[in-house]
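Undergrad: One structure is given below, represented as structure tokens, and several questions about it will come after.
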Amino acid sequence: MKPGSVFKLILGVVLIGLGAFVAVRPLWAPRSTVTPSRFLDVTFAVVFILRGLVNVRSALRASRS
């Protein structure tokens, strides 16, 4: 596995973790948000999770070839 692929994989996992944190945080802190609004929280969670999945998929694909 190339160093660039390892970095992409780690970055993808971190992005998925951050997105999951922002997404599930309202379960234990219902009246608080990470950003100024709930809409931004949902948007950031979706973008981080999707971008993390893209990074992980591309890193794993690069390691196979």
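Undergrad: Build a GNM of the chain with springs between Cα atoms under 10 Å: which of Leu27, Leu53, Leu18 gets the top mean-square fluctuation?
TA: Leu27
Undergrad: Here is a follow-up. For Val54, what charge total do you get from the other residues with a beta carbon under 14 Å from its beta carbon, if Lys and Arg give +1 and Asp and Glu give -1?
TA: Its environment carries a net charge of +4.
Undergrad: Treat the count of other C-beta atoms within 10 Å as a stand-in for reagent exposure and order Leu9, Leu50 from fewest to most. Present the calculation step by step, with values, prior to reporting the outcome.
TA: Numbers: Leu9 19, Leu50 13.
Ascending number of Cβ neighbours within 10 Å: Leu50, Leu9.
Quick note: the coordinates plus some simple rules give every number you see, no bench work behind them. Nothing here was measured: the structure is a model prediction, and the numbers come from that model. Because the Cβ atoms are built from the backbone with ideal geometry, glycine has one as well, and the counts that use them run over all protein chains shown.
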